[in-house]
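These notes concern the structure reproduced below.
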Amino acid sequence: MARHRNVRGYNYDEDFEDEDMFGQSVEDDYCISPATAAQFIYSKRDRHSSFTEPLEEEEEEEHNDEELEKQKASNIALSSVDQARLFSCLEHMREVLGETVLEQVMIDAALKCQFDVSKALELVFKQDSNTNTSTEPVSQDLLSTGKPAKGRSRDLTSMEAQNEIVPKIAKMTVSGKKQKMGFNIPSTASEVNGQAVPLSAKSQHMDDIVEESESTVPLPTQINTSQGSDELNAISQVKSSGKSKQKINVKEELEKRQGGKQLLNLVVIGHVDAGKSTLMGHLLYLLGHVNKRTMHKYEQESKKAGKASFAYAWVLDETGEERQRGVTMDVGMTKFETKSKVITLMDAPGHKDFIPNMITGAAQADVATLVVDASRGEFEAGFEAGGQTREHALLVRSLGVTQLAVAVNKMDQVNWQQDRFREVTSKLGHFLKQAGFKDSDVFYVPTSGLSGENLAKCSQIPDLTSWYKGPCLTDQIDSFKAPQRSTDKPFRLCASDVFKDQGSGFCVTGKIEAGYIQTGDRILAMPPNETCTVKGITLHDEAVDWAAAGDQVSLTLTGVDIIKINVGCVFCSQNEPIKACTRFRARVLIFNFDVPITQGFPVIIHYQTVSEPATIRKLVSVLHKSTGEVVKKKPKCLTKGMNAVIELQTQRPVALELYKDFKELGRFMLRYSGSSIAAGVVTEIKD
């Protein structure tokens, strides 16, 4: 027969008559060690006697310590220059000490050493070593103020508990704000703004002050608090003054950073299968940016895939789909250096289906390299109707590129014949002049992407050297003139990619069109009209503190939801934001388009990295091509070759600038049914 306990008659209160313990499970009491229990468990009967009295003594000492109040007040009375020096010194000290030392201790050390970082660190280490070697128990006053407490000593049990708890709270101290651990310690009331409030309410009030100071909101000047709020007031004022960073001299810093080399953004364009990726991949290999081991790997993998001739193209075509199809689909980006330039290379797709991606790359370029196939029949296929050679050249010219290097590729397949080279250059030269390129800004270089002839150094082949005495492709790129950077204008960056990275925040990539940016700056994203903070800046896979106009950067942003940021958003200065509108007027040049353009005609606007559906709302006037005078008002339709003023209506807001203010952000392209029909510049923003 089973045994049964006398459950109904059992008196459970006898086991817990002595003390009512808080924070401890009855069943799991054997799992908690005495040392751990000392931190979190205390008696309900003894809690007033063990915690309240020392806190009352501390508050009395805070009110009576006039010397400490004067020391805190001296921090507030610092000039703006000294506050900036103090903040800079504290940043360096935090990098070494982390959060192991209270901020007020670091401030005192910095002031004593007159903002000398090395001396201040030595002083803190000496104080730390003196504290560690002393055999006296550390009180809460010594940790928070650096001075021993006055008054009677505490009893042994409360001191042991304090020694267990206080260091953990000190380690959690960030910017003078203590995070709550374990339980709330009840205490007597204190005064804030002349009214008696509990200690928990006082700490909440102090937390609010810190949060306001960190968001650069001015602190209230009349706060009748004790020593703790004075300390927070001093630290937060130093922090708020330090956040207004000193402006940098961008031109001087650019020269220092690049070693005197100028920055140049180069886009490679041309008809599909002209050999763009192979040409630039072989160039990077010859310049040492791709090692032999990696190149050997590409050769073996391309042979297995049945595309042995695409080995050099795989340097820039990195995705599996691009390698499988043998066609560049997205803009590949990398960096290389010449004798006097730092080149950001963008390999644009040549296939007709990926013209929008090509426009994205061309909109970020300063100069271009047009690659044409010199083989019999291949050049004609790319240059005549249906090929992309004409369209690519016209697009880059419409997007502001004025300097062009024409790489006449695959010359080895025609045995380096001078007659074929002249035939190709004469046809191209006539068209490029019509497109708006000057003869003095267009250069022709015979090359072979597969064999690497005349790429990184001048070729020694007799068939070529007998008639060509010009530079190789690298030397020709090096001779390009770098454009003037708009570093003195407000900050502008158009997002070309948005992605989530490791850690907090997310990343946005793009080219800085104007101005400059530093880490810690707050910027505005348009058209969502959201503010965010720049947590980090990456330039060519290297973390930097600042970046300027012309740089292709990746920004790590915090303070905004990634869902609100899309490709095409323009990040700008808060003081001088960019305008977002759905209706604007523009001056356009109609390309060779057979369909008449009328009111209500649907188009796709390609602006920087934006592709937005729009409608031609109004045909304002037709202009003279050379003088710009109004020839006809309110025309019924526009045909090829016309120069006109039109009004466009977009479905969603688009961030735009006037062409006269920002040339980089005032250009756009119009496409319809897979064809580029017009190029335009913004003349007036309606709403």
- Check whether at least one residue in the range 314-328 is surrounded by 15 or more Cβ atoms within 10 Å (Cβ to Cβ), more than 18 Å from His271 (Cβ to Cβ) and at pLDDT 75 or above, and report yes or no. yes
- Query: Would it be correct to say that Gly628 is within 18 Å of Tyr659 (Cα to Cα), surrounded by fewer than 19 Cβ atoms within 10 Å (Cβ to Cβ), more than 30 Å from the chain's Cα centre (by Cα) and small (Gly, Ala, Ser)?
  - Reply: yes
- Query: Taking the range 622-648 only, how many residues are within 13 Å of Val588 (Cβ to Cβ) and touching a residue at least 24 places away in the same chain (Cβ under 8 Å)?
  - Reply: 12
- Output the number of residues of the range 434-462 satisfying the condition of being closer than 20 Å to Gln388 by Cα and at pLDDT below 90. 4
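Every residue, every condition in (1) buried (at least 19 other Cβ atoms within 10 Å of the Cβ); (2) at pLDDT 90 or above, yes or no:
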{"site": "Ala495", "(1), (2)": "yes, yes"}
{"site": "Lys500", "(1), (2)": "no, no"}
{"site": "Gly505", "(1), (2)": "yes, no"}
{"site": "Lys511", "(1), (2)": "yes, yes"}
{"site": "Ile517", "(1), (2)": "yes, yes"}
{"site": "Ile523", "(1), (2)": "yes, yes"}
{"site": "Thr533", "(1), (2)": "no, yes"}
{"site": "Ile537", "(1), (2)": "yes, yes"}
- Query: Within the range 350-467, which strands (runs of 3 or more DSSP E) (wholly inside it) include 1 or more residues that are under 29 Å from Tyr672 (Cα atoms) and not polar (S, T, N, Q)?
  - Reply: 367-373, 404-409
- Task: Collect the residues in the range 664-687 that are at pLDDT below 90, in contact with a strand residue (DSSP E or B) (Cβ under 8 Å, 6 or more places away or on another chain) and not hydroxyl-bearing (Ser, Thr, Tyr), keeping them in residue-number order.
- Result: Glu664, Leu665, Lys686, Asp687
- Task: Report, ordered by the first and then the second residue, all pairs with beta carbons closer than 8 Å, sequence separation of six or more or different chains, a first member in the range 665-687 that is within 21 Å of His351 (Cβ to Cβ) and of a type in the set (Phe, Trp, Tyr), and a second member that is surrounded by fewer than 16 Cβ atoms within 10 Å (Cβ to Cβ) and at pLDDT below 90.
- Result: Tyr672/Val595
- Before we move on, is Arg376 in the same structural domain as Ile269 (by TED's automatic domain parsing), farther than 20 Å from Leu264 by Cα and at pLDDT below 90? yes
- Spans of strands (runs of 3 or more DSSP E) in the range 545-644 with at least 3 residues farther than 14 Å from Cys494 by Cβ and among the charged types (D, E, K, R): 579-590
- Check whether at least one residue in the range 374-384 is closer than 30 Å to Val342 by Cα and not basic (Lys, Arg), and report yes or no. yes
- The lone condition His296 fails out of (1) over 28 Å from the mean Cα position of the chain (by Cα); (2) modelled with pLDDT of 85 or more; (3) surrounded by 13 or more Cβ atoms within 10 Å (Cβ to Cβ) is (3)
- Among residues of the range 98-121, those that are assigned to a helix (DSSP H, G or I) and surrounded by fewer than 17 Cβ atoms within 10 Å (Cβ to Cβ), counted: 3
- Pick from the range 560-576 the residues that are touching a residue at least 40 places away in the same chain (Cβ under 8 Å) and surrounded by fewer than 18 Cβ atoms within 10 Å (Cβ to Cβ): which of them is nearest to Ile604 (Cα to Cα)? Val567
- Message: Yes or no: the range 99-113 includes at least one residue that is among the charged types (D, E, K, R), modelled with pLDDT under 75, more than 29 Å from the chain's Cα centre (by Cα) and more than 28 Å from Thr519 (Cα to Cα).
- Response: no
- Message: Let me spell it out: the conditions are (1) under 13 Å from the mean Cα position of the chain (by Cα); (2) more than 20 Å from Met526 (Cα to Cα), and Thr509 meets all of them except one. Which number is the exception?
- Response: (2)
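The values are calculated or read from the model by the stated rules, or taken from the named source; none is laboratory data. As the structure is a computational prediction, the values presented were derived from the model and not from experiment. As a convention, Cβ positions derive from the backbone with ideal geometry for all residues, glycine included, and neighbour counts pool all protein chains shown.
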